[in-house]
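The values are calculated or read from the model by the stated rules, or taken from the named source; none is laboratory data. All of these numbers come straight from a predicted model, not from anything done at the bench. Here the Cβ positions follow ideal geometry from the backbone for every residue, glycine too, while neighbour counts run over all protein chains shown.
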Amino acid sequence: MLADIRPFGFASDVEFRDWLVRDIGVAAVPGSSFYPEPELGRYLVRFAFCKREVTLRAAAERLARVATRAAQKSGRSRHGLR
C-alpha cells in the first residue's frame, strides 16, 4: 500500500521514513525507490502487511500518533478543529 505523506510536512519520503522508524517505531519503504525517476515517489511511502495480527495491531496503535503530527502541521486538533 502506498500512502501520501504530504499532510505531515516532511521534505521527502526518506525524511518521513527515518522519523517514522525513529519516533513511531513503524517501518515503511520510501516511495522514491519504486520509480525510475525518484522525484515521482518523493511524497509516498509503502507499507507492507505481511505480519502477524499482533504485530499489525501494535503498528496501528503507533501509527495513531502520526495523526497528531499531521494535526500539528495543519494547525488542527486530531478531530479537525482549529
Being outside any helix (DSSP H, G or I) and either crowded, with 20+ Cβ neighbours inside 10 Å or under 11 Å from the mean Cα position of the chain (by Cα) (or both) is the filter here, so list the residues in region 26-41 that pass it.
VAL26, ALA27, ALA28, VAL29, PRO30
Looking at the structure I just gave you, is ARG62 in contact with a helix residue (DSSP H, G or I) (Cβ under 8 Å, 6 or more places away or on another chain), more than 15 Å from ALA3 (Cα to Cα), at pLDDT below 95 and not in a loop (DSSP other than H, G, I, E, B)?
yes
When both residues are 6+ apart or on different chains and their Cβ atoms are under 8 Å apart, which pairs have a first residue that lies in region 48-73 and is surrounded by 11 or more Cβ atoms within 10 Å (Cβ to Cβ), and a second that is among the hydroxyl-bearing types (Ser, Thr, Tyr)?
ALA71/SER77
Scanning region 42-59 for residues that are outside any helix (DSSP H, G or I) and of a type in the set (Lys, Arg), the one modelled with the lowest pLDDT turns out to be LYS51
Name the residue, out of ASP23, ASP13, that is touching a strand residue (DSSP E or B) at 6+ places or on another chain (Cβ under 9 Å) and not hydrophobic (A, V, I, L, M, F, W, C).
ASP13
What is the residue count in region 3-18 for residues that are under 9 Å from the mean Cα position of the chain (by Cα) and either assigned to a loop (DSSP other than H, G, I, E, B) or of a type outside the set (A, V, I, L, M) (or both)?
6
